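What follows draws every value from the coordinates through simple rules; no lab data is involved. In this text the structure is predicted, and so the values were computed from the model without any measurement. As a convention, Cβ positions derive from the backbone with ideal geometry for all residues, glycine included, and neighbour counts pool all protein chains shown.
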Amino acid sequence: MNNQRIVRAVKTHSGFRQDIGIFVRSRWESNIARYLNYLKNKKQIKDWEYEAEVFAFPVERGNRFYKPDFKVYNNKGSIEFWEVKGYMDNNSRIKLDRMARYYPDIKIILIEKEQYKAISKWKKLIGGWE
């Protein structure tokens, strides 16, 4: 090939979801939002927000900011952040490592394939699951 750049179309599932009222970046994120609504309706959590905070890292190069997917307000007043990861790339790993280093008191819950699969067992009780 004569130095032509090959661009592959990547089908994303980002978009506005009417039933949850937010724009999300993936089906997994939309389903986790639905699950959080389910937990809220069952009074197992107080509330949640999508991409509500940005954490800055005191570094000069590389990943300088991190925005977790969900901020979850627990019933007893604690807050945790949920990060949905269908795959763990190097940038994501660096951001999570920096969170642990610079914000050790912030609780991050990582939702990877295994955790997502466990949560998806509730999908029959949760409307709109994709």
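Over 18 Å between C-alpha atoms is what I'm after, so list which of K42/K107; K71/K107; K67/K95; K43/K113; K76/K107; K85/K124 land there.
K42/K107; K43/K113; K85/K124
Using a 7 Å offset from Cα along Cα-Cβ at Y102, what residues in region 46-73 end up with backbone N under 15 Å from the label point?
Label zone hits: 53-68.
Given bins 10 angstrom wide, list per bin the percent of all Cα-Cα distances in the chain, short to long.
11, 37, 33, 14, 4, 1, 0
Quick one: what Rg and Dmax do you get for region 45-112 from the alpha carbons, in Å?
When restricted to Cα atoms, region 45-112 yields Rg and Dmax of 12.2, 38 Å.
Counting Lys +1, Arg +1, Asp -1, Glu -1, what net charge surrounds S78 among other residues with beta carbon under 13 Å of its beta carbon?
That works out to +1.
How would you rank V59, V84, V54, going from fewest to most other Cβ atoms within 10 Å of each one's own Cβ?
V54, V59, V84
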